[in-house]
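Below you'll find the structure, written out as structure tokens, and then a few comments.
What follows draws every value from the coordinates through simple rules; no lab data is involved. Because the structure is a prediction, the values reported are computed rather than measured. Cβ atoms come from the backbone with ideal geometry, glycine included; neighbour counts cover every protein chain shown.
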Amino acid sequence: NPQADTYTLTARTDLPSITGVRIEVIQDPSLPQHGPGRDPEGNFFLSALEIETAPADKADAAKPSGKVAFKEAIADEEQSGYGIKNLLKASEEGPKGWAIEPAPSSKPFTRQAVLIPDKPFGFEHGTLLTIRLKHEMRHASRNLGRFRLSLTSSADPKFIAQIPARVRPFVDIS
């Protein structure tokens, strides 16, 4: 569990017009305090989620690729002072980021956040994604332990994260 680690993932998607990126942080019995993070309390500190795009097919080669900019973010749980919107802005005071409440729960549950891009992204014939998850908290090893990323082209990508994480297990949303 190194300090200030960056995870780099590569993936391909055939989903065009991506309107949201969801990250779910998932509790796991193999992690400290069964949390989604690798620090001693089972928490994490995510300071950046960056996505770069490139066309997966020569048919889209002339279209611009590059870094995805995000305009909005919502999370179903945040630790005070460590809200998901911190990922949208750079800070001169050092890295800011997203973390969750470290309070244990008798029932495991997943927390999630959705980031909304400035404009939909993706190529008609497929998109290559390079995703970087940065954990830049000084003097601490607060990396994610278990997580899942997903993409959507929904007209309302924030909808999924509007119910608070600690309420969701008690609400029948099926």
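When the residues of segment 1-47 are narrowed to those that are assigned to a loop (DSSP other than H, G, I, E, B), surrounded by fewer than 18 Cβ atoms within 10 Å (Cβ to Cβ) and of a type in the set (Gly, Ala, Ser), which ends up nearest to the chain's Cα centre (by Cα)? Going through the qualifying residues, I end up with Ala4. Looking only at segment 48-69, residues that are among the hydroxyl-bearing types (Ser, Thr, Tyr) and surrounded by fewer than 18 Cβ atoms within 10 Å (Cβ to Cβ) come to 1 in all.
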